[in-house]
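Presented below is the structure to which this report refers.
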Amino acid sequence: MTSPLLEATATGATESPRRPLARRAAVLGLGALAVFALAGPLVLADPAAQDLARFLEPPSLSEPLGRDDFGRSVVSRVAHATRLSLVLAALCVATALILGTIAGIASAWFGGWIDAVLRAISEAFVAIPALLVVLLVSALASGGSLWALYLGLALAQWVEYFRVVRARSGLVLGSPAVEAARLFELGPVHVVRRHLLPDLRPMLTTLASLGMVTSILAMSTLGFVKVGLQPPRAELGLMITESFPFYDVAPWMSLAPIVVLFLLTVCFLALRSSEDTP
């Protein structure tokens, strides 16, 4: 079965014309969410601070998103949860991108037993559902470890970069330009810097945008089913689950994290679509 990320990358080059407005809107949206995620926790209240006297307090000027069932500030918890999602997703994507790119280039460059071993490892990861990889790694750590979640998400994604980079690098390394560089003995650094990386950059950027969406939604899914990060940590999926018993009397508790997840997904997908166009 073909991976959705690979399908998206393969079809991206044939998508229609540039959509500068969509890209601009995506950048502005992500910028606003990033400012909220980075600056919000610095000025807002402690997300774990409880005030039971303000149980399910409705939105007001002082608390734009009201308070939850423990009297905690919803806007503060959403800001901390958004920062957690963006930072952890970025770390997972960066790790998967670096690991997959190095392994893909090495596989295409050296071939032989190195290529065979790396392909075998990648096929083993492909055979296991990505979410199951995260669950298996998370199961090794108790109490919803942040590092276990990071490691699981990075391991689940690196194979996408490896397969794309290996396939494309094989074509680039066999091109006349690279053959000429080798004849002139310009060295591997020149080949990687002047030929491989410029050719791989658009595909890696597309995969990274999709990887951010995958990581954020995976974290929220695990939190939603309570097998990811644990309370009292502020996490978007966990916040949605905690708000369910009060959805009829305090809808702001669930709407806030849902809207943030929706905006993050739409912005990264719009950014990916605009990057794919010629």
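The values are calculated or read from the model by the stated rules, or taken from the named source; none is laboratory data. This structure is a prediction, so every number in the text was calculated from the model and none was measured. Ideal geometry is used to build each Cβ from the backbone, glycine not excepted, and the neighbour counts take in all protein chains shown. All accessible areas refer to the heavy atoms of the entire protein, side chains included, with ligands and DNA or RNA removed. Shrake-Rupley method; radii C 1.70, N 1.55, O 1.52, S 1.80 Å.
Observations on the structure shown:
- Reported label for calculated P(r) over Cα pairs in 10 Å bins from 0, in percent given (1) 7, 32, 41, 19, 1; (2) 7, 28, 35, 23, 7, 1, 0; (3) 6, 25, 29, 21, 12, 5, 2, 0: (3)
- Think of it as helices only: each DSSP H run of n ≥ 4 in the chain is worth -39500 (n - 2.57), and spread over all residues that comes to -24000 deg cm²/dmol at 222 nm.
- Label separation (Val126 vs Val227): 2.5 nm, computed from points 7 Å beyond Cα along the C-beta direction.
- Amide N of segment 242-274 lying under 19 Å from the label point, which is placed 7 angstrom from the Cα of Leu21 along Cα→Cβ: 266-274
- Cα-based radius of gyration of segment 147-278 once divided by 2.2 N^0.38 Å, which approximates compact folds: 1.50
- Charge dipole (debye, nearest 20) of segment 154-278; +1 at Cβ of Lys and Arg, -1 at Cβ of Asp and Glu: 360 debye
- Segment Ser62-Leu38, extension gain: residue separation times 0.36 nm, minus the distance between their alpha carbons: 6.7 nm
- Average accessible surface area per residue within the chain, 1.4 Å rolling probe, Å²: 51 Å²
- By accessible area, using a 1.4 Å probe on protein heavy atoms only, the chain has 71% of its surface on carbon and sulfur.
- Residue range of the chain that is longest and free of trypsin sites (Lys or Arg not before Pro) which are both DSSP loop and sparsely packed (at most 16 other C-beta within 10 Å): 19-225
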